[in-house]
1. Going by what's in this entry, would Tyr307 be described as modelled with pLDDT of 95 or more, closer than 30 Å to Ala376 by Cα and open to solvent by 20 Å² or more (accessible area, probe 1.4 Å)?
2. Across region 74-113, what is the number of residues that are small (Gly, Ala, Ser), surrounded by fewer than 24 Cβ atoms within 10 Å (Cβ to Cβ), in contact (Cβ under 8 Å) with a residue 60 or more places away in the chain and under 21 Å from Tyr203 (Cα atoms)?
3. Among the residues of region 28-73, what is the count of those that are touching a residue at least 12 places away in the same chain (Cβ under 8 Å) and under 27 Å from Pro146 (Cβ atoms)?
4. Can you find, within region 334-357, the residue that is modelled with the lowest pLDDT among those that are small (Gly, Ala, Ser) and over 25 Å from Leu369 (Cα atoms)?
5. Read through the list (1) assigned to a loop (DSSP other than H, G, I, E, B); (2) at pLDDT 95 or above; (3) in contact with a Lys or Arg (Cβ under 7 Å, 6 or more places away or on another chain), then give the number of the only condition that Phe254 fails.
6. Which condition breaks for Ser226 when tested against (1) assigned to a helix (DSSP H, G or I); (2) surrounded by fewer than 24 Cβ atoms within 10 Å (Cβ to Cβ); (3) hydroxyl-bearing (Ser, Thr, Tyr)?
7. Would it be correct to say that Gly122 is among the small types (Gly, Ala, Ser) and open to solvent by 10 Å² or more (accessible area, probe 1.4 Å)?
8. Considering only region 192-208, I want to know if a residue exists there that is under 18 Å from Ser11 (Cα atoms) and open to solvent by 10 Å² or more (accessible area, probe 1.4 Å).
Amino acid sequence: MVENYGRLTASEIVRLVSTRQVSAVEIVDSALNMAESTGVKLNAVITLCPERAFARAEHIDRLIKDRKATGILSGVPVLLKDNIVYSGCPTTCASKMLKDFNPPYNATVVERLEESGAIIIGKSNMDEFAMGSSNENSFFGPVKNPADNSLVPGGSSGGSAAVVAAGIVPIALGSDTGGSVRQPAGFCGIVGMRPTYGTVSRYGLVAFASSFDQIGPMTGNVRDISLAMSVIAGYDTKDATSININPEEFSCSFTTDNKSQAKIGIIREFADEEMSSEVEQSFNFAVSELRNAGHEVVEVFLPHIKYATACYYIIANAEASSNLACYDGVRYGHKSDASKTLKDFYHCNRGEGFGAEVKRRIMLGTFVLSAGYYDAYYEKAMKIRKLILDAFTNAFESCDILISPTSPTTAFGMGDKLNKPLEMYLSDVFTVAPSLAGIPAISIPIKNVYGHLPIGLQVIGRQSQDASLLQTAYVIEQLLGESHADC
């Protein structure tokens with residue numbers, strides 16, 4: 001095994017492998033060993049693909065030995081959230097419904113990762129069909145937080161957050177619908193980014209809510225986020241919602257000089273939300289540090305943002321009820337042995353295949369789309385969504401970025417909110433608004449001045465200004481100094 005492998009960043013691995021100080025095979029061996037030990041202990045990994053990973057590592061080592069061109073992520077092991085399809089590797093969405101599904105094709109992000117020399121070693125655990133904020137809704141059991149195994153890692157990309165925080169891989173991909181990359185990143189003390197909607201192709205991502213879903217990288221530091229984005233971002237003809245963005249924008253040289261000082265906005269309405277004393281004091285400390293460093297901090301008003309959580313859960317659940325209608329056991333998916341009639345066939349397949357949270361969201365989504373309630377709920381929520389986007393656009397006229405806590409609390413205990421869905425949904429209160437607007441946001445760790453658990457700071461940027469957001473996030477990361485891995 002590679003000495004101190006778990007502390008290596010993606011950038012360091014690329015340098016070591018490309019200069020032949022360490023082989024890609026040795027890196028993969030270390031990653032798989034940690035996945036089989038620490039990953040199993042945390043229940044953070046669903047599937048490993050060792051034969052395929054070693055074959056790719058050997059290929060990369062041969063290319064380097066022969067002095068042939070390799071990609072910018074050569075030798076870097078990556079884990080995928082288990083709702084991103086990888087040909088020949090089971091894609092379960094952490095659900096009984098898809099526990100035996102083997103996709104015949106690769107997601108676009110998988111193709112781009114492999115073209116860049118990255119080595120996919122397997123799939124990480126998640127909330128079933130990406131529905132949850134604690135990673136307790138998995139058919140394969142809950143994921144444990146590496147900071148404290150009695151706590152949740154956040155969700156739904158909790159497995160991806162845990163494997164990065166535990167040093168199993170330097171890069172993992174998650175999917176962010178209402179905060180499912182940022183919130184677990186905050187709970188686990190790593191960096192997680194939701195790009196502008198359409199920046200990363202959704203082709204090969206199993207849909208939850210199609211107008212929100214966005215694949216995002218999770219790493220130990222901002223520099224590795226930028227490295228990952230330079231690979232996975234860009235237009236894709238297979239995704240009609242993807243936008244034309246140049247991935248080279250992310251291959252920037254980060255600076256911390258005076259020119260990188262930003263005008264930072266604090267959202268006034270978020271101050272009215274309930275948050276723990278740990279989060280509130282740590283956020284206030286971070287704001288104070290930013291002011292002391294010469295950044296101008298201003299208060300901004302987003303009057304409709306108080307409706308964001310309700311608006312999100314109406315629209316997202318409506319889209320989920322539509323997207324999950326195809327899982328009926330006819331062409332693929334769980335098939336029950338208990339059915340006797342055609343009606344029983346559908347009832348049993350879906351009743352046995354889906355977990356409690358997925359059923360809850362399907363029923364809520366079906367309700368808000370039903371006759372008599374569509375106008376009262378769904379249509380009204382869509383109008384509020386537009387108002388929230390307009391409010392963000394107006395706010396950015398007076399500041400460069402916006403900041404908030406990533407979550408109103410630190411990671412909570414296993415089972416604490418499992419039977420309290422409304423409390424669980426409110427753990428996304430700060431992250432759903434950027435998702436509604438389709439704008440980029442990133443969670444970076446900040447100092448906990450009150451306790452010891454990880455706390456995330458959410459940095460929100462202008463639409464399609466993802467590279468600029470990363471530059472500012474890097475400056476804040478260097479100032480606050482709580483990165484999981486050194487930059």
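The values are calculated or read from the model by the stated rules, or taken from the named source; none is laboratory data. Fair warning: this is a prediction, and the values are worked out from it, not measured in the lab. Counting neighbours? That spans all protein chains shown, and the Cβs are built from the backbone with ideal geometry, glycine included. Areas reflect the complete protein model, heavy atoms only, side chains present, ligands, DNA and RNA absent. Shrake-Rupley method; radii C 1.70, N 1.55, O 1.52, S 1.80 Å.
1. Values: modelled with pLDDT of 95 or more: yes; closer than 30 Å to Ala376 by Cα: yes; open to solvent by 20 Å² or more (accessible area, probe 1.4 Å): yes.
Answer is yes for this residue.
2. Just the residues of region 74-113 that are small (Gly, Ala, Ser), to begin with: 74-75, 87-88, 94-95, 107.
Subset that is surrounded by fewer than 24 Cβ atoms within 10 Å (Cβ to Cβ): 74, 87-88.
Applying the additional criterion that residues be in contact (Cβ under 8 Å) with a residue 60 or more places away in the chain yields 74.
Now narrow it down to the ones that are under 21 Å from Tyr203 (Cα atoms): none.
Residues in region 74-113 being small (Gly, Ala, Ser), surrounded by fewer than 24 Cβ atoms within 10 Å (Cβ to Cβ), in contact (Cβ under 8 Å) with a residue 60 or more places away in the chain and under 21 Å from Tyr203 (Cα atoms): 0 in total.
3. Our first condition is that a residue be touching a residue at least 12 places away in the same chain (Cβ under 8 Å); within region 28-73, this holds for 28-36, 38-39, 41-50, 52-54, 56-58, 60-61, 64-65, 70-73.
Next, from what is left, pick out any that are under 27 Å from Pro146 (Cβ atoms): 28-36, 38-39, 41-50, 52-54, 56-57, 73.
Final tally of qualifying residues: 27.
4. The initial filter retains those residues of region 334-357 that are small (Gly, Ala, Ser), namely 336, 338-339, 351, 353, 355-356.
Applying the additional criterion that residues be over 25 Å from Leu369 (Cα atoms) yields 336, 338-339.
Working: Ser336: 88, Ala338: 85, Ser339: 82.
Checking each candidate, the answer is Ser339.
5. Every listed condition holds for Phe254 apart from (2).
6. (2)
7. Details: among the small types (Gly, Ala, Ser): yes; open to solvent by 10 Å² or more (accessible area, probe 1.4 Å): no.
It is false that Gly122 is among the small types (Gly, Ala, Ser) and open to solvent by 10 Å² or more (accessible area, probe 1.4 Å).
8. At the first step, the residues of region 192-208 found to be under 18 Å from Ser11 (Cα atoms) are 192-193.
So of that shortlist, the ones also open to solvent by 10 Å² or more (accessible area, probe 1.4 Å) come out as none.
So far as region 192-208 goes, no, none of its residues is under 18 Å from Ser11 (Cα atoms) and open to solvent by 10 Å² or more (accessible area, probe 1.4 Å).
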